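The values are calculated or read from the model by the stated rules, or taken from the named source; none is laboratory data. The structure displayed is predicted, hence computed values, not measured ones. Positions of Cβ are backbone-derived with ideal geometry, glycine not excepted, and every protein chain shown enters the neighbour counts. Heads up: the accessible areas ignore ligands, DNA and RNA and are worked out on the full protein's heavy atoms, side chains in. Shrake-Rupley method; radii C 1.70, N 1.55, O 1.52, S 1.80 Å.
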Amino acid sequence: MSVNYVCKHCHTLIGRIEGSGIDETRLGFHQLTPEERHQYILVHSNGDVTVRMTCDYCTEAIQMHPELSLLPSPLQ
Ligand SMILES: [Zn+2]
């Protein structure tokens, strides 16, 4: 399986973890509420996981232009 961290705004691949030793506790998923898990984590049928995050570039853009955070894809 693999875990892919993808920016939810610009869809940039931020990071990728591969291997069979991945568990939710190690990734910190257990700290999330069920609602947050639903919002941030996508589990695919083949066992791969996509974690939706905000990359540094978009974090900076949103800080400079807070109104952009209201839009789902401000940089597209
Ligand atoms: Zn981004």
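Listed values, structure above:
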quantity	calculated
Residue check for residue 13: under 28 Å from residue 61 (Cβ atoms) and exposed (fewer than 14 other Cβ atoms within 10 Å of the Cβ)	yes
In the stretch 5-22, residue modelled with the lowest pLDDT [restricted to those that are more than 13 Å from residue 40 (Cβ to Cβ) and charged (D, E, K, R)]	18
Every pair of residues 6+ apart whose Cβ atoms lie under 7 Å, when the first sits in the stretch 1-28 and is of a type in the set (D, E, K, R) while the second is open to solvent by 60 Å² or more (accessible area, probe 1.4 Å) and within 16 Å of the ligand (Cβ to nearest atom)	8/52; 8/53
Count - residues of the stretch 44-70 that are open to solvent by 100 Å² or more (accessible area, probe 1.4 Å), modelled with pLDDT of 90 or more and within 19 Å of residue 9 (Cα to Cα)	5
The stretch 1-31, residues that are in contact with a helix residue (DSSP H, G or I) (Cβ under 7 Å, 6 or more places away or on another chain) and hydrophobic (A, V, I, L, M, F, W, C)	3, 7, 10, 29
